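A short worksheet on the structure shown next.
What follows draws every value from the coordinates through simple rules; no lab data is involved. Just so it is clear, the model here is predicted, and its values are computed rather than measured. For neighbour counting, all protein chains shown are included, and Cβ atoms are generated from backbone atoms with ideal geometry for every residue, glycine included.
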């Protein structure tokens, strides 16, 4: 038994172990990526080629972009897109105003009943959205706001969790800054915009991105509140395409639509990767 | 001081208006709805007050099917996804090279549109007159016959729903577990190495107790999330989930509210209250169980 041989075999065993580990991790990466690959691949197969494949091919020799043309002309995909962008912008902007003001009140201003209200807000975080959708549906219907942007946006604005997240961040800004500003005669609103918001910009960006993702993916509320195609968001558009669009058989065109709908969020994710992951790790959940 | 008071409430006003109108009021209202029997949407009147809506819902075969589907989904996907995420995170935290790349890839499903990618899963599993689909191609390599996963037997549809649900919820779990693993104090591992502790023992005696609060958090949110499953099922099987026999409790609520079978907010409210009660009960049971097994430092 010589020492060197033992050491060599131990090193070998370790290297094999690492290899197996990487292989297993790669397997999961492939499982995650495959649906994305498949939708890209199918979207560039021509209609004829796709339907003649009894055994689906894992590649294509004649990629085509005609499906993307079909996706935009045969169904109002562009309209769905514009609607979703308007809905996302409107909801996120309103959410930011509401959230920033509330977080500022909770973290900096002193007034009677503040802590009680804040506890109430925390309790509201536990209410599942499914429970309140029913009444909101009735409310919006009674207000005659079905098939309007206002009806889409208003109930989607508030997120107690974001108020909580931002309040925690605002509370970390040292009090001295506030007193210094007060001595200089700065108003509360000016202090909020010139000091608090710039200091807490990372959190505000995180909240914004999380809300954008949420809006882009929202399906249930838009489906309840719109039945006019002119107000469909992309999720509803996809569902509409699945049920009636492209004669139900044109899978490549369907996949082209799916690619177009998925792309903006994936680009957003790749750009703001760290911010999004850090934000979600701090307590975001899906939807 | 009086001026300060008014200012504070002024800043809070927008949030209070939105929350009051769309969260607090509906919460009270849904309880009232669920107790109003024979509610008529058009005339906004009701016949009486009682538990009639609940007994109707609890006897509705569609609701019972939805409850069964939801429970099966929860019981399968929560342990599978949590276990799998734990394994993957352990793997991730023991490599250094390419780690960020893997992390980024694993997180991708989180930022995708559930409906859109569900369509891709449907196509992967669907059997059409023109092709058996990719899933069946893989099955045929193992000599198994073609199965229609989308319009076929119940267990096949349930399998696809579970697979898709796990695929969708993994990113969140992996992310949370990886950061929990990274925050375990390395001193413990060094001490174990000096003692020559075997790897398995390090895992069960150090790693697992240290991250047990996180695992427990994931189990609870996993339960809650899976009980609210809906859009994944819509993506795979279409809007008419009752016809497909794949409805979920949330799906039942929405179907009662709107669509071809809709117009019954009272029944929808009763079903939603039942869902809330189930989720609350399960969460309480989880909390009780965790008292024994979770290590809070």
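Based on Cα contacts under 8 Å between residues 6+ apart, chain B shows a relative contact order of 26 percent. Dividing the mean sequence gap of close Cα pairs (under 8 Å, 6+ apart) by how many residues chain A holds gives a relative contact order of 31 percent. Under a GNM of chain A (C-alpha, springs under 10 Å), which listed residue has the highest mean-square fluctuation: A:80, A:50, A:191? Maximum among the listed residues: A:191.
In a solvent-free Debye calculation with one equal scatterer on each Cα, what is log10 I(q)/I(0) for segment A:2-43 at q = 0.14, 0.19 Å⁻¹, listed in the order of the q values? Relative scattering, expressed as log10 I(q)/I(0), comes to -0.51, -0.65. Mind jotting down the distance between the C-alpha centroids of segment A:212-242 and segment A:60-74, whole Å? Cα centroid of segment A:60-74 versus Cα centroid of segment A:212-242: 23 Å apart.
With the Cα gyration tensor of chain B giving a ≥ b ≥ c as the square roots of its eigenvalues, does the rule (a/c under 1.5 for rounded; else a/b larger than b/c for prolate; else oblate) give rounded, prolate or oblate?
Numbers: a/c = 2.09, a/b = 1.22, b/c = 1.71.
Note, shape of chain B comes out oblate.
From the alpha carbon centroid of segment B:147-176 to that of segment A:247-272 is 20 Å. With a 10 Å cut-off around each Cβ of B:233-244, the average count of Cβ atoms from other chains is 2.
Taking chain A as a Gaussian network of alpha-carbon nodes connected by springs under 10 Å, the highest mean-square fluctuation of the residues A:101, A:116, A:40 belongs to A:116.
Fewest Cβ neighbours within 10 Å first, please rank A:219, B:252 accordingly. Numbers along the way, then the final one.
Values: A:219 21, B:252 30.
Fewest-to-most Cβ neighbours within 10 Å comes out as A:219, B:252.
What ranking do A:188, B:195 get, fewest neighbouring Cβ atoms within 10 angstrom at the top? List each step's numbers first, then the result.
Values: A:188 19, B:195 9.
Neighbour counts put them in this order, fewest first: B:195, A:188.
Sorted fewest first by neighbouring Cβ atoms within 10 angstrom, A:199, A:153, B:75 come out as B:75, A:199, A:153.
For n ≥ 4 DSSP H runs only, could you compute -39500 (n - 2.57) per run for chain A, divide by its residues and tell me the 222 nm figure to the nearest 500? Calculated from helices alone, the mean residue ellipticity at 222 nm is -23000 deg cm²/dmol.
If you wrap a convex hull around the C-alpha atoms of the protein assembly as shown and split its volume per residue, what is the figure in Å³? Can you show the working numbers first?
Values: hull volume 118.2 nm³, N = 584.
Output value, Cα hull per residue: 202 Å³.
Please state, to two decimals, what the Cα-based radius of gyration of chain A comes to when divided by 2.2 N^0.38 Å (N = residues). Kindly include the intermediate steps, with their values, before the conclusion.
Values: Rg = 25.6 Å, N = 287, 2.2 N^0.38 = 18.9 Å.
Cα-based Rg divided by the globular estimate yields 1.35.
Rounded, prolate or oblate: pick one for segment B:1-142, where a ≥ b ≥ c are the square roots of the eigenvalues of its C-alpha gyration tensor, a/c under 1.5 means rounded, and failing that, prolate if a/b is larger than b/c, else oblate. Cα axes put segment B:1-142 in the oblate bin.
Please say if segment A:1-150 is rounded, prolate or oblate, where rounded means a/c under 1.5 for a ≥ b ≥ c the square roots of the C-alpha gyration tensor eigenvalues, and otherwise the choice is prolate for a/b larger than b/c and oblate otherwise? It comes out oblate by the Cα gyration axes.
Let me have the relative contact order for segment A:104-258, percent, based on Cα pairs under 8 Å that are six or more residues apart.
On the way: 78 pairs, mean separation 39.9, N = 155.
Computed over segment A:104-258, the figure is 26 percent.
Counting only other chain Cβ atoms within 10 Å of each residue's Cβ, the peptide A:122-128 averages 3.
Given the -39500 (n - 2.57) contribution per DSSP H run of 4+ residues, what per-residue ellipticity at 222 nm results for chain B, rounded to the nearest 500 deg cm²/dmol?
Working: 15 runs with 210 residues, N = 297.
Roughly -23000 deg cm²/dmol at 222 nm, from the helical runs in chain B.
Computing Rg and the Kirkwood Rh from the Cα coordinates of segment A:37-118 gives a ratio, Rg/Rh, of 1.41. Distance from the alpha carbon centroid of segment B:46-102 to that of segment B:211-283 works out to 9 angstrom.
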